[in-house]
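Working notes, structure below.
The values are calculated or read from the model by the stated rules, or taken from the named source; none is laboratory data. Owing to the predicted nature of the structure, the values given are computational and were not obtained by experimental measurement. Cβ placement follows ideal geometry from the backbone for every residue including glycine, while neighbour counts extend to all protein chains displayed.
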Amino acid sequence: MSKNKKTLLVNGALGKMGQAVIGVCKNRNDVEIKHVLEMPIHKHKGYSIYSERDRKKFKLEDIRVDTVISKSLDVDFIIDFSTPKSAIALAKKAEVLRVPFVTGTTGFNSKQINELKKISKKIPILQSYNMSLGINLLVKIIKDNIDYFSSTDLEITETHHKDKVDSPSGTALLLADTISSSLGKKTDKIANYRGKSSSLKRKKGELGMTVIRGGDVVGEHKISSFGEMENVYLTHQALGREVFANGAVSLGLKLLKKKKGFFSVQDLI
């Protein structure tokens, strides 16, 4: 391994995002995967994450899937795309090891977020439902122009592949939270998740949210702003999971410069 490369552990290595992180890391000259983890019941325990061809082409070590973290773990940072329960457990181990922790896991409840924030008093933690720069640019546009958007009818529509478990997506919630916090309100007080209805009119100031699932769509998020005589549409399309994977790795490298704290993508870009 090159002395200039930082090492990392990937948790949720065989999931869609874990595989994307592994894929982008094999050809980067600034990082190298040293350990990968999956849930104990996973059938591919011991599976080699790189083909023999890739190991020769990119001069990689033979890294195999493990289900327990090594007591002698020695990496520069951790990237997690798993489940809330798994992420919290690994964050606690990262705290003991004093290792920066990046999590793009979705579905955290408020108690789990508070637990991460508590751990971040000892180590730097980046928690984001979307690591792409494009989505975070969209977040900035919302914040910078909230005076305009607050006078319009706002709707969030998100589309993802048929296998996505959580609904609405973490990114949709990120956008909703951005809007509500910029308005000085709480998301659960203004959000209306669209469903079957024959009598409910749109309430003034509500934030509509619609979820679509199908095919292999990586991710599309759209904010529709309906105003007086004009409408504004802000749309972000992810054309590949690599955009999130590269974002997580690059942001993890930036997190190495922090001693402790709970960070968003906005804090690091």
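For Lys203, state whether it is over 25 Å from Thr7 (Cβ atoms), charged (D, E, K, R) and without any contact (Cβ under 8 Å) to a residue 12 or more places away in the chain. Yes: the conditions hold for Lys203. Here the range 135-158 is the region considered, the condition is being surrounded by fewer than 15 Cβ atoms within 10 Å (Cβ to Cβ) and modelled with pLDDT under 95, and the residue that is farthest from Lys204 (Cα to Cα) is Leu137. Figure legend. Inter-residue proximity from the range 62-85: first residues in contact (Cβ under 8 Å) with a residue 40 or more places away in the chain and buried (at least 17 other Cβ atoms within 10 Å of the Cβ), second residues assigned to a loop (DSSP other than H, G, I, E, B) and hydroxyl-bearing (Ser, Thr, Tyr), beta-carbon distance below 8 Å, spacing 6+ or different chains. Indicated pairs: Val65/Tyr47; Asp80/Thr105; Phe81/Thr105; Ser82/Thr105; Thr83/Thr105.
Residue-by-condition table, conditions (1) under 20 Å from Gly170 (Cα atoms); (2) of a type in the set (A, V, I, L, M, F, W, C); (3) touching a His at 6+ places or on another chain (Cβ under 7 Å):
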site	(1), (2), (3)
Asp76	no, no, no
Thr106	yes, no, no
Asn109	yes, no, no
Lys117	yes, no, no
Ile125	yes, yes, no
Gly134	yes, no, yes
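State whether the residues of the range 93-103 include one that is more than 30 Å from Thr187 (Cα to Cα), at pLDDT 90 or above, part of a strand (DSSP E or B) and touching a helix residue (DSSP H, G or I) at 6+ places or on another chain (Cβ under 8 Å). Within the range 93-103 (the criterion being more than 30 Å from Thr187 (Cα to Cα), at pLDDT 90 or above, part of a strand (DSSP E or B) and touching a helix residue (DSSP H, G or I) at 6+ places or on another chain (Cβ under 8 Å)), the answer is no, since none of the residues qualifies. Can you run down the residue pairs with Cβ atoms below 7 Å, 6 or more apart or on separate chains, where the first is in the range 147-166 and in contact (Cβ under 8 Å) with a residue 40 or more places away in the chain and the partner is among the aromatic types (Phe, Trp, Tyr) and outside any helix (DSSP H, G or I)? Listed by first residue and then by second, the contacts come to Thr152/Phe226; Asp153/Phe226. Summed over the range 67-90, residues that are assigned to a loop (DSSP other than H, G, I, E, B) and either within 17 Å of the chain's Cα centre (by Cα) or closer than 15 Å to Gly252 by Cβ (or both) total 5.
Scanning the range 86-108 for residues that are surrounded by fewer than 17 Cβ atoms within 10 Å (Cβ to Cβ) and either of a type in the set (Ser, Thr, Tyr) or touching a Pro at 6+ places or on another chain (Cβ under 7 Å) (or both) yields one hit, Gly107. When Glu242 is tested against the conditions (1) under 30 Å from Cys25 (Cβ atoms); (2) modelled with pLDDT of 95 or more; (3) acidic (Asp, Glu), the lone failure is (2). In the range 205-269, counting only strands (runs of 3 or more DSSP E) that sit wholly within it, the ones holding 3 or more residues that are surrounded by fewer than 14 Cβ atoms within 10 Å (Cβ to Cβ) and out of contact with any Leu (no Cβ under 8 Å at 6 or more places or on another chain) span 231-238.
Of all residues in the range 29-40 being buried (at least 16 other Cβ atoms within 10 Å of the Cβ) and not aliphatic (A, V, I, L, M), which is modelled with the lowest pLDDT?
Glu38
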